[in-house]
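Structure first, commentary second.
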Amino acid sequence: MARRGRLVVANWKMHPGALQEARRLFSSIARRIRRVRGVQVVVCPPALYLSELVRSYRGANIRFGAQDVSWHAGIGAYTGELSAMMLKRIGAGHVIVGHSERRAMGESDKTVSTKVKAALDAGLAPILCVGEEERDHEGGYLSQLEWQLTASLDGVPRTQASRLVVAYEPVWAIGKRAQSAVTPRLLHETVIFVKKILSKKYGRVVGMKVPILYGGSVEGTNAGALSREGAVDGFLVGHASLSVRDFVSIVKAC
Ligand code: PGA
């Protein structure tokens, strides 16, 4: 079977500290991946920098995304919130939803599923993050994963599922060095499991088409093996997306 195009998402989190640095980081990445083909790169900066980066970019192989979205559609009296419609209009095509760092701040599966729906309704592609906190030997993490994925997609219809992206991000592997990432073999097993759950919910045709990314200590040194042997469609990259060298080598490894 022909391999699908890969997707590499940069999650800059709350970095960098100033717009000028964001501009510099972005243009260095853009310059160095100009000739890369077959990989779609999505940069998710802090929302504050989005419109400026979108405006400055003339190329074609980077798209933009946000790191979070309000569950309220459109506009309204919701202090501090940004709606999917606003993000879409500013130039975002994707949005990360249910990242474990947001779940740790109190975001529930219910909230996450509402955000996924709001994103889809506005025409954004949600990158839904799921992942167990710990990996036990008895396989309890698989039930946790199944429960979290099913609850986070509650009410999301099959007709919209084709625009969904799922990022498997085990919490224990986030924000460490490459050696702490999941092994390619375990990743492969988990990806099959996630595809099974999606196929159960949406049918095989739709379920198998949802791109599955991996996130959690992906760096230049482990991206190749995880990409080749892990059966993933790409990566959601945290700290390594702030290093031009590391991020570019992850993109090239795909
Ligand atoms: P990390 O973060 O690459 O720094 O582990 C991944 C993420 O949090 O999305």
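The values are calculated or read from the model by the stated rules, or taken from the named source; none is laboratory data. This one's a predicted model, so the numbers in the text were calculated from it and none came from an experiment. Using ideal geometry, Cβ is built from the backbone for each residue, glycine included, and neighbour counts are taken over all protein chains shown. Just the protein is used for accessible areas: all its heavy atoms, side chains included, with ligands, DNA and RNA removed. Shrake-Rupley method; radii C 1.70, N 1.55, O 1.52, S 1.80 Å.
Below, the figures for the structure above:
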{"quantity": "Alpha-carbon centroids, the stretch 100-136 and the stretch 71-91: separation in whole Å", "calculated": "17"}
{"quantity": "For the stretch 111-190, convex hull volume per residue from C-alpha positions, Å³", "calculated": "111"}
{"quantity": "The chain: most fluctuating residue of Tyr202, Tyr214, Tyr168 per GNM, C-alpha cutoff 10 Å", "calculated": "Tyr202"}
{"quantity": "Taking the stretch 6-253 and dividing mean pair separation by its residue count, relative contact order in percent (alpha carbons under 8 Å, at least six apart)", "calculated": "19"}
{"quantity": "Per DSSP, loop GluC sites (Glu not before Pro) in the stretch 62-152 with at most 15 further Cβ within 10 Å", "calculated": "Glu81, Glu133, Glu134, Glu138"}
{"quantity": "The chain, accessible surface, carbon-and-sulfur percent (1.4 angstrom probe)", "calculated": "55"}
{"quantity": "Value in Å of the Kirkwood radius, where the stretch 102-254 supplies the Cα pairs that are averaged", "calculated": "15.8"}
{"quantity": "Over 30 Å between alpha carbons, listed pairs Lys209/Lys252; Lys115/Lys252; Lys13/Lys200; Lys88/Lys209", "calculated": "Lys115/Lys252; Lys13/Lys200"}
{"quantity": "The stretch 56-154 - Kirkwood radius from inverse mean 1/r over Cα pairs (Å)", "calculated": "14.5"}
